[in-house]
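This report refers to the structure that appears directly beneath it.
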Amino acid sequence: MFSSLRQNVSSATLFQLGAELSWLFAAIMLVLRLDGEQGVAHSEAALLAFLFALTIVCLNGAFGLYRRAQKLSAGAYFLRIVLAPAIGIPLAFLVAHWMPGIDVLRDNWITAIVLALFGLLLVRHVIVLPLVSHLMPHRVLVLGTGPEARLVEASLTSTNPLGLRLVGFYPLEKSQENVVSPGRVVARGGSLDDMVRQLGIDEIIVAVRQQRGGVLPLRALLECRLNGVQVTDLERYFERVHGQVPIESLKISWLIYGHGFRQSVFRNIVKRCFDLIVAAALIVVTAPIALLAGLLIALEGGGAVVYRQERVGHRGRTFTVFKFRSMARDAEVDGRAAWATSNDPRVTRIGKWLRRTRIDELPQLINVLKGEMSFVGPRPERPEFVAMLTEQIPFYAVRHSVKPGLTGWAQVRYSYGATVEQSIRKLEYDLYYVKNHTLMLDLVVLLETVRVVLLGEGAR
């Protein structure tokens, strides 16, 4: 497991990224030489091939093909792996328009697509997956057999992270509760450190809520740690694998003493500069789309084009957010705040299109320029919802320690939250962002926002 700018990347994922990047680079170098073209210098061809390969890999990441916390259906997987080269090849052409050799690649674009698409499938399923499974397995033993251990079991069963292999569950002497699969409970024939050596364990996940009163075998855990075995608590496991912080097992001491939650002056300056540059660029690029959206809303009638609403922002301060109106004028005739729902009858015909494409959010770029919002951050909620959720959900106010965002980690990783239970799940992703927010994570969110917009995920 490697950590870059506080973003954890497994060795299996690094191996996959390297293999796919190498194949794409080799494929484009081959295409550039197919017709015996000699007018392109080797260094220029290599630069073009690397640019293309990096574009496709970044788009694969944007479409969630490297996510270990999500198991895709065959249809969703195929759609994503086709979309990446379909978008990436024209994008690579656009970026490299003035580079030598682009004419050769343009003349052989069908060959480039075939090599990129089918080559990636072969590399991933014939080379990467078998090698990782047999040569680079990360063997995990879960300490405990209670509800927390069941959460880990469900997590690993539903997502099947690349290279991660659940060996079993080690029962505790002072905890008789067993809600995991009986066949996965290892026989306690010796001490924990002996069992770890026998099974060749690389990591122990401590899945126990109540750790006082001598419940944990601390001496054995220390021995394992000193022998190079990674020991991970439940919060850090979910943070690393799923990009979320589970509320059920979260303790205030973890928030106080844990790493992250940095609000340095340098980070704030970098984030503000990033917000200004991206917001200003998007305002220019999306101006024709915004004008078309405003015209369609005006033609449909029924109210103002831009809708203003009070939201809660940084440190609990309220501000007025701007959005293109997507609901009928009398959406809240009784004056009571209400969450949007699936197929909400209050949404207009134009509003459905605006919400699906996220065009209704474009006026919030003004809020970003004003400094009331950031480009990436937790979703700003209405004061009525914030008061209710703060009362019902522990640590909900933590999300207000950073500026709210136009897009965010929770928005790209979870569907629209319209209930208290869904708000809890979204808060788990918000807590991860608040704890780990960096420029790198902001860039990852921007890439994944491409997928959300193109596939219409989470829209209401």
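Bear in mind these aren't lab numbers, they're just calculated from the coordinates by the rules spelled out. Note that the structure is predicted; figures quoted are calculated from it, not measured. Because the Cβ atoms are built from the backbone with ideal geometry, glycine has one as well, and the counts that use them run over all protein chains shown.
Things to note:
- Cα gyration tensor category, rounded, prolate or oblate, for the stretch 265-455 with a/c compared to 1.5: oblate
- The stretch 265-455 - percent relative contact order, Cα under 8 Å, separation 6 or more: 22 percent
- Cα shape, the stretch 138-242, gyration tensor, a/c 1.5 rule: rounded
- Those lysines that a straight Cα-Cα span of less than 29 Å connects to residue 174, excepting residues fewer than 8 apart in one chain: 251
- Model label points for residue 415 and residue 184, set 7 angstrom from Cα along the Cα-to-Cβ axis, are 2.4 nm apart.
- Taken one residue at a time, the phi angles of the stretch 289-299 give Karplus couplings (6.51, -1.76, 1.60, θ = phi - 60°) of 5, 5, 5, 5, 4, x, 5, 5, 5, 5, 5 Hz. Gly and Pro are set to x.
- Rounded to the nearest 20, the Cβ-based charge dipole of the stretch 138-242 about its Cα centre (Lys and Arg +1, Asp and Glu -1) stands at 60 debye.
- Between residue 22 and residue 131, residue separation times 0.36 nm minus the direct Cα-Cα distance comes to 37.6 nm.
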